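Report on the structure given below.
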Amino acid sequence: MKNGKMKILITESEDFSQHAFKELQKHFEVTKGNFHYDEELKEMISDFEVLFVRLRFKLTKEILEKAPQLKYIITATTGLDHIDVDYFESRGGEIISLKGETQFLETIPSTAEHTWALLLALQKNIPSAFDDVKKGNWHRDHFKGNNLKGKNIGIVGLGRVGKQVANFAEVFQLNVGYYDTQFITSKFKSFTSPNELFAWADIISIHIPYNSENDNFVDASLLINCRPNAVLINTSRGNVWDENALVELLEKQKIKGAATDVLQNEFDKSTISINPLIKFARRNSNLIITPHIAGASYESMAMTEEFVVEKFIRMIKCAE
């Protein structure tokens, strides 16, 4: 600790909020980094008491052991599956995140907007049509799409993002149904089981948090209820659904298509090229994959970074 100030390392500083950075500088000794590999991070973190992380790295026990001085991890996310929470907290560490900050998070639209972007791109065949045009073609009849109006959208998890997606759905004149064990509303059609929701929906949008209860929640026994014309969208986490079961339905044309912003084990870059969804997408146009960018809008990232920085500063001041 230099001059009584804690040392903070920002692990991914590209486009980091200038306001948040200046606020941190008022109270701490701040170092900006922009690391891309685990080994780079391991070499740098030994003397820091605070890490500010995004989603490029999975902070495993192996990495955290290289930071014996580390007391706090700041992450502008709701999910914490990129951190070995049990290990870090077992050694007395504390994580400052957006988890539970419902009122603030309701002002952040990026994930719901991206959900809708994936849905429209899938239903209107936008990526494959654009790829074909770039080849010098103009095959209008090859890329006929589908309307959304009048279709049934089933939302799995009616939390913050699920509600935002449901509100967008009303604008597009969709029939909205949902399954959720905690959030209940009479505004939309409620289902008492996910099987019933999947059998009813033309579009299924997944918005449940990842935890032990939701691991592989959307499994083969649930997916088998899908309509043949159904499409699935996942902007939650890759581990909430069974990727192999999904690919099997796509291969057998038991569902029409899917789009996802997340993959299982996405923090292990060595698995990306062999992921079953990516292997299917290389050969087919009815699966769209984006690299976990739903929350990565300039505006939302700045807002969330500033919020967790203010939260951390308040916490430190209270502890003094």
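The values are calculated or read from the model by the stated rules, or taken from the named source; none is laboratory data. If you're wondering where the values come from, they're calculated on a predicted model, not measured in any experiment. Glycine also receives a Cβ, built like all others from the backbone with ideal geometry; neighbour counts cover every protein chain displayed. Accessible surface areas use protein heavy atoms only, side chains included; no ligands, DNA or RNA. Shrake-Rupley method; radii C 1.70, N 1.55, O 1.52, S 1.80 Å.
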TODO: Quick one: angle between helix 298-319 and the longest Cα principal axis of the chain, in degrees between 0 and 90, rounded to 10, please.
DONE: 40
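How charged is the neighbourhood of residue 222? Take every other residue with its Cβ under 12 Å from the Cβ of residue 222, and add Lys/Arg as +1 and Asp/Glu as -1. Present the calculation step by step, with values, prior to reporting the outcome.
On the way: positive: none; negative: 196, 219, 242.
Surrounding charge for residue 222 is -3.
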Task: Loop trypsin sites (Lys or Arg not before Pro), the stretch 223-320 (other Cβ atoms within 10 Å of the site Cβ: 16 or fewer; DSSP) - done: 252, 254
Task: Where only C-alpha atoms are counted, convex hull volume of the stretch 213-293 per residue in Å³ - done: 84
Open item on the list: Please list, ordered by chain and number, the residues whose modelled amide H lies under 5 Å from the amide H of residue 83; skip anything fewer than 5 residues away on the same chain.
Closed with: 59
- [ ] Report P(r) for the stretch 264-307: all Cα-Cα distances, bin width 10 Å, range 0 to the bin holding the largest distance, values in whole percent.
- [x] 23, 37, 26, 14, 0
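State the antiparallel share, in %, of DSSP beta bridges confined to the stretch 1-153, rounding to the nearest 5.
Values: 2 of 17 bridges.
Just about 10 percent of them are antiparallel.
Among the GluC sites (Glu not before Pro) within the stretch 140-236, which fall in a DSSP loop and have no more than 11 other Cβ atoms within 10 Å of their own Cβ? Walk me through the numbers before you get to the answer.
Values: sites: 170, 196, 213; in loops: 213.
Passing sites in the stretch 140-236 are 213.
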TODO: Take the alpha carbon atoms of the stretch 22-46, find their center, do the same for the stretch 229-274, and report the distance between the two centers in whole angstrom.
DONE: 33
TODO: Starting from the stretch 107-212, pick out the chymotrypsin sites (Phe, Trp or Tyr not before Pro) whose DSSP state is loop and whose Cβ has at most 10 other Cβ atoms within 10 Å.
DONE: 138
Open item on the list: Keeping every protein chain present and rolling a 1.4 Å probe, give me the accessible area per residue for the chain in Å².
Closed with: 51
- [ ] Report relative contact order for the stretch 158-291 in percent, whole number only (criteria: Cα-Cα under 8 Å, sequence separation at least 6).
- [x] 18
Task: 0 to 90° range, to nearest 10: angle between helix 18-27 axis and the chain longest Cα axis - done: 30
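Cα convex hull of the stretch 124-241: how many Å³ per residue? Working shown, then result.
Working: hull volume 14.8 nm³, N = 118.
Given the Cα convex hull of the stretch 124-241, per-residue volume reads 126 Å³.
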Task: P(r), alpha carbons of the stretch 103-180 - 10 Å bins starting at zero, rounded % - done: 17, 40, 26, 14, 3
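Classify the stretch 175-309 as rounded, prolate or oblate from the Cα gyration tensor: take a ≥ b ≥ c as the square roots of its eigenvalues, call it rounded if a/c is under 1.5, otherwise prolate when a/b beats b/c and oblate if not.
Details: a/c = 1.77, a/b = 1.06, b/c = 1.66.
Oblate shape, in that a/c is at least 1.5 and b/c is the bigger or equal ratio.
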Task: Inter-site label distance for residue 19 and residue 183 at 7 Å from Cα along Cβ, in nm - done: 2.5
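Please state, rounded to one decimal and in Å, the Kirkwood hydrodynamic radius that the chain gives when every pair of distinct Cα atoms enters the mean of 1/r. All intermediate terms of the calculation are to be shown ahead of the outcome.
Working: mean 1/r = 0.0471 Å⁻¹.
Final number for the Kirkwood radius of the chain is 21.2 Å.
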Task: Whichever lysines have a C-alpha closer than 26 Å to that of residue 26, once near sequence neighbours (fewer than 8 apart) are set aside - done: 2, 5, 7, 71, 99, 311, 317
TODO: Take every Cα pair under 8 Å in the stretch 1-134 that's 6+ residues apart, average their separations, divide by the length, and report that relative contact order as a whole percent.
DONE: 18
TODO: Whole Å is fine, so just give me how far the alpha carbon centre of the stretch 146-183 lies from that of the stretch 97-140.
DONE: 16
Task: Under 20 Å from residue 187, Cα to Cα: aspartates and glutamates that are on another chain or at least 8 residues apart - done: 106, 170, 196, 202
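Could you give me D for the stretch 1-149, from Stokes-Einstein at 4 °C and 1.567 mPa s, where the hydrodynamic radius is the Kirkwood radius over C-alpha pairs? Units µm² s⁻¹, please. Let's see the in-between values first.
Values: Rh = 18.5 Å.
Taking Rh from Cα pairs, D becomes 70 µm²/s.
How high is the relative contact order of the chain, in percent, counting Cα pairs under 8 Å that sit 6 or more residues apart? Walk me through the numbers before you get to the answer.
Working: 546 pairs, mean separation 52.1, N = 320.
Relative contact order here is 16 percent.
How big is Rg to Rh over the stretch 181-260, alpha-carbon atoms, Rh as the Kirkwood inverse-mean-distance radius?
Values: Rg = 12.4 Å, Rh = 13.0 Å.
Ratio of gyration radius to Kirkwood radius for the stretch 181-260: 0.95.
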